[in-house]
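K.L.:
Here's a structure for you.
The values are calculated or read from the model by the stated rules, or taken from the named source; none is laboratory data. Fair warning: this is a prediction, and the values are worked out from it, not measured in the lab. Here the Cβ positions follow ideal geometry from the backbone for every residue, glycine too, while neighbour counts run over all protein chains shown.
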Ligand SMILES: [Mg+2]
């Protein structure tokens, strides 16, 4: 616990503006600077989804999650850009490196957002000066715009950075709190999803101020412990620390409850692909590798099974996770089973030994990340980037790509789609997440136990403000 009382702390929340588009503009200003641009999956097919729109594009009505076709209707001269996650990660690291020059207490929240506790920063000058300095350096050294919130705690800092975009510098204190955030609709409050907002509106709470004035006891009846917590936050009380270190994870898992039960194994395989992609990404982000791959299957009659395979070498590669999961599926799926939930968990985690960059360099010729290489080079087993990983599997592959040859193109499409949704989560994680469930780190356990329903847009990656720091 920070010995300082919450009011004595100074926390910045740094949020990059239109991050993906800005990275492209910074790299190729001739083509992209000050233009209506959108990063979108599969722009060439028009079936993709807009992940990020530049502010120029937003002014013309382009929004994230629009389809490319919709976006082009709104803004016919929109410049579409294929995602380049390598580029974003590179900029992301540079962004956090700059922030870390001012304090070691930097908590990365997503690819383009972090908190920095600058209470003890040796920087001479006020917090506002420091924030301005950081903003200037982002601009001058990286050509990236950002908004910064300044506040006595994480919650308020996050709220503050959201108030002025792009290039805002906003301070919220316990004294201006009532003017600045109480008039806002409660759904704009960080930590309140649309579901919670709905429940709140049912009991007559529509603004953050309403929430601040609410009786916490009445609230805990309605929303449990979280009710009291929300009232605290609305009053600007947040004692959560800016933690640069994450608690070690024991396992990383994702599961999806499907809107419709699946009966075809190949459809299940495509879902496993999405899951493997998410689990792999998360493990890689944490520089962790795992030695066991477990799948969870819940059938239409709610019976749930888990099946596990131990790998010869620990891994975080999507390809291996997917191969192993599919192999487990084909081995253990009962005949005629209808499946309503699928999950993958990577267990027995340990720190990655090889440098991450080497391990996860995408195959040449794709700018869309490593996963695509698998499906653009023919069969799974022929894939060159997958070759060495194949060896790391202890079990023999019990499946064969020939099992679903006609699905190959669909897989590619789905994979692109999952990259886009993943990118959306990276970029707009908190919004998307709070619309879904807020889940803790043993999310897969919870999902299995409580049968949480969701869609593929739901991601169990974040539990703030309920203590987790997972991003
Ligand atoms: Mg941002």
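K.L.:
Could you tell me whether any residue of the range 136-147 is closer than 25 Å to residue 236 by Cα and under 25 Å from the mean Cα position of the chain (by Cα)? Full working, then the answer.
P.N.:
Of the residues in the range 136-147, the ones closer than 25 Å to residue 236 by Cα are 146-147.
If we keep only those that are under 25 Å from the mean Cα position of the chain (by Cα) as well, we get 146-147.
There is at least one residue in the range 136-147 that is closer than 25 Å to residue 236 by Cα and under 25 Å from the mean Cα position of the chain (by Cα).
K.L.:
Counting only residues that are touching a strand residue (DSSP E or B) at 6+ places or on another chain (Cβ under 9 Å) and closer than 24 Å to residue 21 by Cα, which one in the range 143-156 is surrounded by the fewest Cβ atoms within 10 Å (Cβ to Cβ)?
P.N.:
Selected residue: 145.
K.L.:
Okay, next question. Of the residues that make up the range 7-25, is at least one modelled with pLDDT of 95 or more, more than 14 Å from the ligand (Cβ to nearest atom), part of a loop (DSSP other than H, G, I, E, B) and buried (at least 21 other Cβ atoms within 10 Å of the Cβ)?
P.N.:
yes
K.L.:
Right, here's the next one. Which number in (1) in contact with a strand residue (DSSP E or B) (Cβ under 6 Å, 6 or more places away or on another chain); (2) in contact (Cβ under 8 Å) with a residue 24 or more places away in the chain marks the one condition that residue 66 misses?
P.N.:
So the condition that residue 66 fails would be (2).
K.L.:
Let me ask something else. Can you tell me which residue within the range 82-108, out of those that are touching a helix residue (DSSP H, G or I) at 6+ places or on another chain (Cβ under 8 Å) and in a loop (DSSP other than H, G, I, E, B), is surrounded by the fewest Cβ atoms within 10 Å (Cβ to Cβ)?
P.N.:
This residue is 82.
K.L.:
Also, I was wondering about something else. Working only within the range 107-125, note down all residues that are farther than 20 Å from residue 25 by Cβ, within 14 Å of the ligand (Cβ to nearest atom) and out of contact with any strand residue (DSSP E or B) (no Cβ under 6 Å at 6 or more places or on another chain). First the steps, then the outcome.
P.N.:
The initial filter retains those residues of the range 107-125 that are farther than 20 Å from residue 25 by Cβ, namely 107-109, 114-125.
Add one more test, that the residue is within 14 Å of the ligand (Cβ to nearest atom), and what stays is 108-109, 114-115.
Selection gives 109 alone.
K.L.:
Let me confirm something: among 130, 124, which residue is more than 19 Å from the chain's Cα centre (by Cα) and farther than 30 Å from residue 286 by Cβ?
P.N.:
Details: 130 fails: farther than 30 Å from residue 286 by Cβ.
Criteria check complete, one pass: 124.
K.L.:
Looking for whichever is assigned by TED's automatic domain parsing to the domain that holds residue 38 and more than 16 Å from the ligand (Cβ to nearest atom) here; the options are 145, 104, 83. Which one fits? Reasoning before the result, please.
P.N.:
On the way: 145 fails: more than 16 Å from the ligand (Cβ to nearest atom); 83 fails: more than 16 Å from the ligand (Cβ to nearest atom).
When all the criteria are applied, what remains is 104.
K.L.:
In addition: Residue 71 - would you say it is more than 16 Å from the ligand (Cβ to nearest atom), free of Cβ contacts under 8 Å to residues at least 40 places away in the same chain, in a helix (DSSP H, G or I) and crowded, with 22+ Cβ neighbours inside 10 Å?
P.N.:
Here the answer is yes, as residue 71 does meet what is asked.
Per-residue answers, yes or no, for (1) within 26 Å of residue 126 (Cα to Cα); (2) touching a residue at least 24 places away in the same chain (Cβ under 8 Å):
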{"residue": "165", "(1), (2)": "yes, yes"}
{"residue": "181", "(1), (2)": "yes, yes"}
{"residue": "184", "(1), (2)": "no, yes"}
{"residue": "200", "(1), (2)": "no, no"}
{"residue": "203", "(1), (2)": "no, no"}
{"residue": "206", "(1), (2)": "no, no"}
{"residue": "240", "(1), (2)": "yes, yes"}
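K.L.:
Report, by residue number, each residue of the range 303-342 that is part of a helix (DSSP H, G or I) and crowded, with 18+ Cβ neighbours inside 10 Å. Quick ask: steps written out before the conclusion?
P.N.:
Keep residues of the range 303-342 that are part of a helix (DSSP H, G or I), which gives 318-332.
Within the range 303-342, 318, 319, 320, 321, 322, 323, 324, 325, 326, 327, 328, 329 meet the criteria.
K.L.:
So which of 208, 134 is surrounded by 19 or more Cβ atoms within 10 Å (Cβ to Cβ) and within 16 Å of the ligand (Cβ to nearest atom)? Please lay out each step first, then the result.
P.N.:
Details: 208 fails: within 16 Å of the ligand (Cβ to nearest atom).
From the options 208, 134, the qualifying one is 134.
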